[in-house]
Amino acid sequence: MARCSLCSKSSRLISRAPGVCLKCIRNQPGEALSVAFRAHEQSRSADGLPIEPPKDPHGKACKLCVNECRIAQSGFGYCGLRKNEGGIITGVSRQLGKLSWYHDPLPTNCVGDWVCPAGTGAGYPRHAYCRGAEYGYKNLAVFFHACTFNCLFCQNWHFKRETLKKTTTSVHRLAADVDASTACICYFGGDPSPQLPFSLKASRLAIDANPDRILRICWETNGSMASDLLDKMMDLALESGGCVKFDLKARDENLHRALTGVTNRRTLENFKRAGEKFDRRPVPPPLIASTLLVPGYIDAQEIRAIADFIAAVNPDIPYSLLAFHPQYHMSDLPLTPREQAHECLAAAKDAGLTRVRLGNIHLLV
Ligand code: SF4
Ligand code: SF4
């Protein structure tokens, strides 16, 4: 249980980070964001990462994501991956990435598994190996070691222990691990955004080495990438039978900034842009959305706003509401209450979405 720094209310649905309650974020966003940003600063400093995107007017520009860093000599970008060394950006590239990976037997616990070829056989025979779930095949799960956001509730925060390490992997090494029973590659993390040139190159190498068979390319992302990179992701997902899975964390800009430290502007623009290609191949869906039901912060009102936004793009885009597990700086919150989850589900359906579901239901209390 924590106390809101603005209204002094105490509740088990208020977390010590961001340190303010949902009502104050909505009603007093200026003051609430000042408090929340202090929590982000502490979190970033503890992880050895820049507390905000560098904006040195004489710095080296990186435009891979919404943060559009201008990195001073010897400094790092917000993601902690890219460094200005003598006017050259180093750290990761198309050839070298910071990541780990493993083979995961299909069907797997993937945010797209309820609509994708691996989990359902959708798109058979062009994009799936069989009519139902693809037993006997594997997903190559690629976990990137950095992110462009600073979500206080991050469910995979342990990647931050790896971000600043020097160890890198070559793109050829990763692509070589696609074997005969690998049916899909899924890039996640952290977030793929700061390493998209690497994942696009790895995907192309893997597809070229495995001609005339199904190899789907999928990404799970916060959607903060440059729009030209998004276009390349969508085109590869469409071509291969894969999908781009957007994590839409909040519709309200202030709430998004309080929870993630970063604007949602690029994510929303990119989602609309990706949605324009949805009808080119509705089965299997090339675009999927999800939202984590953070207790006390992502309520039915917020889900309704996100669902309205998705429905305006295309009501047939599948939308998963995911139960929350207490993690990282929000480990003082409870699991998602069942009542909240069902209110959110009803709100998403009321918005007119045709495919909505609750995921991680084993976590509901
Ligand atoms: S990828 Fe994004 S966060 Fe990282 S250096 Fe480039 S602009 Fe900054
Ligand atoms: S990576 Fe893509 S194809 Fe594989 S299980 Fe996930 S959504 Fe389905």
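For residue 43, the criteria (1) touching a Ser or Thr at 6+ places or on another chain (Cβ under 9 Å); (2) under 23 Å from residue 195 (Cα atoms) hold in every case but one, which is (1).
Per-residue answers, yes or no, for (1) out of contact with any Asp or Glu (no Cβ under 6 Å at 6 or more places or on another chain); (2) away from ligand 1 (no atom under 16 Å from the Cβ); (3) over 18 Å from residue 221 (Cα atoms):
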| residue | (1), (2), (3) |
| --- | --- |
| 262 | yes, no, no |
| 280 | yes, yes, yes |
| 290 | no, yes, no |
| 319 | yes, yes, no |
| 324 | yes, yes, no |
| 327 | yes, yes, yes |
| 334 | yes, yes, yes |
| 344 | yes, yes, yes |
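Of the strands (runs of 3 or more DSSP E) lying entirely inside the range 156-253, the ones with 3 or more residues being hydrophobic (A, V, I, L, M, F, W, C) and within 16 Å of ligand 2 (Cβ to nearest atom) are found at 182-189, 216-221.
Name every residue in the range 60-76 that is assigned to a loop (DSSP other than H, G, I, E, B) and of a type in the set (Val, Ile, Thr), in order of residue number.
Here is the first cut: in the range 60-76, the ones assigned to a loop (DSSP other than H, G, I, E, B) are 62-64, 66-69, 72-75.
The answer is 66, and nothing else.
Of the residues making up the range 314-365, those that are in contact (Cβ under 8 Å) with a residue 40 or more places away in the chain and in contact with a Ser or Thr (Cβ under 7 Å, 6 or more places away or on another chain) are 320, 322, 323, 324, 329, 330, 332, 333, 357, 359, 363, 364.
Whether a residue is within 15 Å of residue 49 (Cβ to Cβ), surrounded by fewer than 19 Cβ atoms within 10 Å (Cβ to Cβ), without any contact (Cβ under 8 Å) to a residue 60 or more places away in the chain and out of contact with any Pro (no Cβ under 7 Å at 6 or more places or on another chain) was assessed, and residue 173 does not pass this test. Of the residues 98, 60, 55, 83, the single one that is among the basic types (Lys, Arg), more than 8 Å from ligand 1 (Cβ to nearest atom) and in contact (Cβ under 8 Å) with a residue 40 or more places away in the chain is 98.
Read the figures in this text as sums done on the coordinates, not as results from a lab. All of these numbers come straight from a predicted model, not from anything done at the bench. Quick reminder, even Gly has a Cβ in these numbers, built from the backbone with ideal geometry, and neighbours come from all protein chains shown.
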